[in-house]
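Colleague: Pasting in a structure now, in structure tokens, and then I'll have a few things to ask.
The values are calculated or read from the model by the stated rules, or taken from the named source; none is laboratory data. None of these values were measured; they are calculated from a predicted model. In this analysis, Cβ positions are derived from the backbone assuming ideal geometry, glycine residues included, and neighbour counts consider all displayed protein chains. Accessible surface areas use protein heavy atoms only, side chains included; no ligands, DNA or RNA. Shrake-Rupley method; radii C 1.70, N 1.55, O 1.52, S 1.80 Å.
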Amino acid sequence: MFCIDIDISGRKAAEEEARYLAFYDALTELPNRRLLVDRLQQVLASSSRTGMASAVLFVDLDNFKTLNDTRGHEVGDMLLTDVARRLKSHVRELDTVARLGGDEFVVVLQNLGTDPTEAAGQTRMLGEMLRAHLAQPYDLAGHEHHCSASIGITLLHGQRTSVNEILKQADMAMYRAKDAGRNTLRFFDPDMQQAANRRATLEAALHNGLRQNQFLQLYQAQVDETGRIAGAEALVRWQHPEHGMVSPGEFIALAEDTGLIVPLGHWVMETALRQQAQWRQHPQLAHLTLSINVSARQFHQDDFVSQVVRLLQLTGADPTHIKLELTESLLLKNVEGVITTMLALRELGLGFSLDDFGTGYSSLSYLKRLPLDQIKIDQGFVRDALVDPNDAAIARSIIALANSLGLDVIAEGVETEEHHHFLLQHGCRAFQGYFFGRPVPHTDFERAVLNR
């Protein structure tokens, strides 16, 4: 008899490990996306068959990148492991906790009853409990760490939809929780889906609009205390070939989010500078100043100053008749860098106006440090100044503050003679609004200047 004995336990263990890693996350030992998709398909089939509601919670840790950047990925992995443990300890055996990747987790709740309203209530209660539990302090390598989570929720109750669509809905709801300030939860609803569809369509159209030169530059008069037109603000408008004039309120924020504000802002500045260069050649228009809005994203570009220098050389515009309008959001990031850039541009002769003052992060500490020339009173305070004592007080305070700091002040949104008289009476000497003229093409604006 001849026998051969081969030990295959190592190979069997390797095969078992390979099978495990195919369905589970190696770090947290939670189901991975592959197994989550399989579980969700089972939940959808069960919900359709029994009429029982289920829910999917998309959990994303707030500011997780900061922890990784400051203390390293090893500590970040410790947090992820602890988060996985906390999530598992607060759900039932039949529920699923999975890790999609990074700092994203998904919780699937089953058998929540046949009443969608009651199921939503149960889900909200559990979601709030998970959120509060995740916000408790963590001990990471001997250091206490605080972390919060934003949670998006979508309910399943017999609807026919794909697993990818469910995860997308929960993800959208999670981003709504982020937008609401983080450390909160939000439910998905059809309106969110429609808004996302509109945004995607608008973003594609925005790309095409830039390529096909669909944007217009309009000019709104800015007048002094005598009623003389002293300048204008350059305002961009989108003339869509199918939908007509698109409101800036619809596309400016989208352009900011997608980064398209950079090429759009460059086009606005170049067009405005070319227009000012033409005005300086006309004796009756040469006195006009031109205000140009600059977004925070555009301003924070490393080569922004050199871009402005090139455009001034290219267009032949007079920088002493150009005022850049900045918003307070610009100051949320790298104030020292902002001041350095402003000083470099001031050396070229450009001036600065702080737009929508009082609506954002107003701070006297930065107001005294910035090389500003002008403060612009937001139209919200101007519009209701005659009916709301608080808005009237704010408008008067801004005018007094600007005067005491030696800054010019201009009020936007002046729509009636009564608004004009109120502001004039309290020391405002520059105005902009429908009372003096709407945004119009440059030919109409020039005609208004010449006819005054």
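Colleague: Please say if the stretch 84-124 is rounded, prolate or oblate, where rounded means a/c under 1.5 for a ≥ b ≥ c the square roots of the C-alpha gyration tensor eigenvalues, and otherwise the choice is prolate for a/b larger than b/c and oblate otherwise?
Modeller: Because a/c hits 1.5 or more and a/b exceeds b/c, the stretch 84-124 counts as prolate.
Colleague: Could you check the spin-label model distance between residue 344 and residue 1? Points 7 Å from the Cα along Cα→Cβ, value in nm.
Modeller: About 8.8 nm, to one decimal.
Colleague: Skip the ligands, DNA and RNA, and give the accessible area per residue of the chain with a 1.4 Å probe, whole Å².
Modeller: 51
Colleague: Under 5 Å between amide hydrogens, which residues at least 5 positions from residue 149 or on another chain qualify, with H placed 1.01 Å from N in the peptide plane?
Modeller: The list, which skips near neighbours in sequence, is 62, 183.
Colleague: Can I ask one more? Take the Cα of residue 448, step 7 Å along the line toward its Cβ, and report every residue of the stretch 234-251 whose backbone nitrogen sits under 17 Å from that point.
Modeller: The answer is 234-237, whose backbone nitrogens lie closer than 17 Å to the label point.
Colleague: So for each of 41-51, 439-449 I average, over its residues, the number of other beta carbons within 10 Å; can you give me the resulting order with the highest mean first?
Modeller: Highest to lowest by the protection proxy: 439-449, 41-51.
Colleague: Can you list the residues, at least 5 places off or on another chain, whose amide H is less than 5 Å from the amide H of residue 285, using H built in the peptide plane?
Modeller: When sequence neighbours closer than 5 places are left aside, there are no close amide H contacts.
Colleague: Another one. Full-extension gain between residue 310 and residue 189, please, as 0.36 nm times their residue separation minus the C-alpha to C-alpha distance.
Modeller: Residue separation times 0.36 nm, minus the Cα-Cα distance, leaves 38.7 nm.
Colleague: Over the chain, what is the mean sequence separation of C-alpha contacts under 8 Å (at least six apart), divided by residue count, expressed as relative contact order in percent?
Modeller: 11
Colleague: Same structure again: Treating the angle as unsigned and between 0 and 90°, give the value, to the nearest 10°, between the Cα long axis of helix 442-451 and the longest Cα principal axis of the chain.
Modeller: Approximately 30 degrees, to the nearest 10.
Colleague: Along Cα→Cβ, 7 Å out, is where each label goes; now give me the distance between the ones at residue 403 and residue 180 in nm to one decimal.
Modeller: 4.5
Colleague: If I stretch the segment between residue 148 and residue 213 completely, what's the gain in nm (0.36 nm per residue apart, minus their alpha carbon distance), one decimal?
Modeller: Value of the extension gain: 19.0 nm.
Colleague: Specify the inter-centroid distance of the stretch 63-97 and the stretch 304-353, based on alpha-carbon positions, in whole Å.
Modeller: So the separation of the two Cα centres works out to 44 Å.
Colleague: With all protein chains present, calculate the accessible area of residue 387 using a 1.4 Å probe and round the result to the nearest 10 Å².
Modeller: We get 120 Å² for residue 387.
Colleague: Taking θ as phi - 60°, what are the ³J(HN,Hα) couplings along the stretch 38-53 by the Karplus curve (6.51, -1.76, 1.60), each to the nearest whole Hz, with x for Gly and Pro?
Modeller: 4, 5, 5, 4, 5, 5, 4, 5, 5, 5, 5, 7, 9, x, 7, 7
Colleague: Then there is this: Is the stretch 219-316 rounded, prolate or oblate when judged by the Cα gyration tensor, a ≥ b ≥ c being the square roots of its eigenvalues, rounded requiring a/c under 1.5 and prolate requiring a/b larger than b/c?
Modeller: Cα axes put the stretch 219-316 in the oblate bin.
Colleague: Moving on. Give a residue-ordered list of calculated ³J(HN,Hα) values for the stretch 278-287 (Karplus: 6.51 cos²θ - 1.76 cosθ + 1.60, θ = phi - 60°; whole Hz; x for Gly, Pro).
Modeller: Along the stretch 278-287, the couplings run 6, 5, 5, 8, 9, x, 8, 10, 5, 6 Hz.
Colleague: Of 323/376; 178/376; 178/368; 168/333, which sit over 24 Å apart, Cα to Cα?
Modeller: 178/376; 178/368; 168/333
Colleague: Measure nothing but the geometry: give the 0 to 90° angle between the long axis through the Cα atoms of 116-134 and the longest principal axis through the Cα atoms of the chain, rounded to 10°.
Modeller: Value to nearest ten degrees: 90.
Colleague: What FRET efficiency would be calculated for the residue pair residue 42, residue 133, taking the C-beta separation as r and a Förster radius of 22 Å, to the nearest 0.05?
Modeller: The calculated FRET efficiency here is 0.25.
Colleague: Let me ask you something else. Which angle between 0 and 90 degrees, to the nearest 10, do you get for helix 163-179 versus the longest principal axis of the chain when only C-alpha atoms count?
Modeller: That works out to roughly 50 degrees.
Colleague: Using only the alpha carbons, work out the radius of gyration and Dmax of the stretch 19-135 in angstrom.
Modeller: Expressed in Å, the Cα Rg and Dmax of the stretch 19-135 come to 15.2, 49.
Colleague: Same structure, new question: Can you give the alpha-carbon Rg of the chain over 2.2 N^0.38 Å, where N counts its residues?
Modeller: In units of the globular-protein estimate, the chain measures up at 1.31.
Colleague: Loop only by DSSP, 12 or fewer other Cβ within 10 Å of the Cβ. Give me the trypsin sites (Lys or Arg not before Pro) in the stretch 110-181 that pass, ordered by residue number.
Modeller: 160
Colleague: What's the carbon and sulfur percent of the chain's accessible surface, probe 1.4 angstrom, rounded to a whole number?
Modeller: 50
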